[in-house]
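One structure is given below, encoded as C-alpha cells.
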Amino acid sequence: MLRIAVQYDSPGLWEALHGLHIKSLILAGVLSGLRVEHTESLSQTLSSLTQLESLSIRVDEDSIDLWGGGGFSMV
C-alpha cells in the first residue's frame, strides 16, 4: 500500500507515480483533503497503474473536473 499525503497536487507528483506497480493507493491532504488541480495528469497516471486494485482519494473540494468533466471518470 502507498499512502501519499500532500496539500496540493502537482504534475511532478503524478509523473513520479506514472506506470509504477502499485496495488493500493491512498491520496489525501495533510490536514484535510487533497486539492486536485491537475486532473488530466492524475487521470493519465491512474490509467497507467495497471496493477491497481484499491484506490482511495480524499479531496478538499469536490469538482466536476475531477469526476468526469475533464479528468477521469468513475466506472
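The values are calculated or read from the model by the stated rules, or taken from the named source; none is laboratory data. Just so you know, these numbers come straight off a predicted model, no measurement behind them. With ideal geometry, Cβ positions are generated from the backbone for all residues, glycine too; neighbour counts draw on all protein chains shown.
Observations on the structure shown:
- Hits in segment 42-56 - residues which are surrounded by 16 or more Cβ atoms within 10 Å (Cβ to Cβ) and under 9 Å from the mean Cα position of the chain (by Cα): Leu42, Ser43, Thr45, Leu46
- Selection over segment 27-71 of residues that are at pLDDT below 90, part of a loop (DSSP other than H, G, I, E, B) and farther than 18 Å from Ala16 by Cβ gives a count of 16.
- Of the residues in segment 22-33, at least one is among the small types (Gly, Ala, Ser) and in contact with a Ser or Thr (Cβ under 8 Å, 6 or more places away or on another chain).
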